[in-house]
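Structure record follows, encoded as structure tokens.
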Amino acid sequence: MAERQFTGKHALAVFVAAFGVIITVNLVLAYSAVKTFPGLEVKNSYVASQEFNERLKVQQELGWEIRAETTGGLLILHITDQSGAPVQVAELQAVVGRATHVKDDFSPDFTFDGNAYSTPATLGKGNWNIRLVAKDSSGAEFAQRVPLYVKG
């Protein structure tokens, strides 16, 4: 039986096949990344950067701390002041969603019970973000992204 030789044509076929797989995988991953990208955070990043220090100063003066948890089918937000006392805000808007895509995003309607804000929510296992904007009675705005990991 004659032995087959590894020729230049064989080397070219292996080379083209290997790089073909690499290029195909890269294209699939790039398409997936672009398809799930939620979009822009701000319309004009330059203007947002110019206003950052002033917004930060207002937030630091409020001195609020935000903590989120899930329990018993509820999503609970604890907003506390510098002394650890619960804060009742004048206005609260939030968007809850996955860290990687906007498909599961929703805007909950939180209710204050004297200690914390809660809303019915069933969150699947994994990383979630709560993007909230709260205002005090004078209109001072507190905006923060609160990460939340749900263990399942």
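Worth a mention:
- Contact order, relative form, for the range 33-113: 22 percent (alpha carbon pairs under 8 Å, 6 or more residues apart, mean separation divided by residue count).
- Förster radius 41 Å - calculated FRET efficiency between V21 and E54, Cβ distance, rounded to 0.05: 0.20
- Structural descriptor for the chain: relative contact order 20 percent, calculated from alpha carbon pairs under 8 angstrom and at least 6 residues apart.
- Using a probe radius of 1.4 angstrom, the carbon and sulfur fraction of the accessible surface of the chain is 56%.
- Prolate/oblate/rounded call for the range 19-133, Cα gyration tensor, a/c under 1.5 rounded: oblate
The values are calculated or read from the model by the stated rules, or taken from the named source; none is laboratory data. No experiment lies behind these values; they were computed from the predicted model shown. In this analysis, Cβ positions are derived from the backbone assuming ideal geometry, glycine residues included, and neighbour counts consider all displayed protein chains. The accessibility values were calculated without ligands, DNA or RNA, using every heavy atom of the protein model including side chains. Shrake-Rupley method; radii C 1.70, N 1.55, O 1.52, S 1.80 Å.
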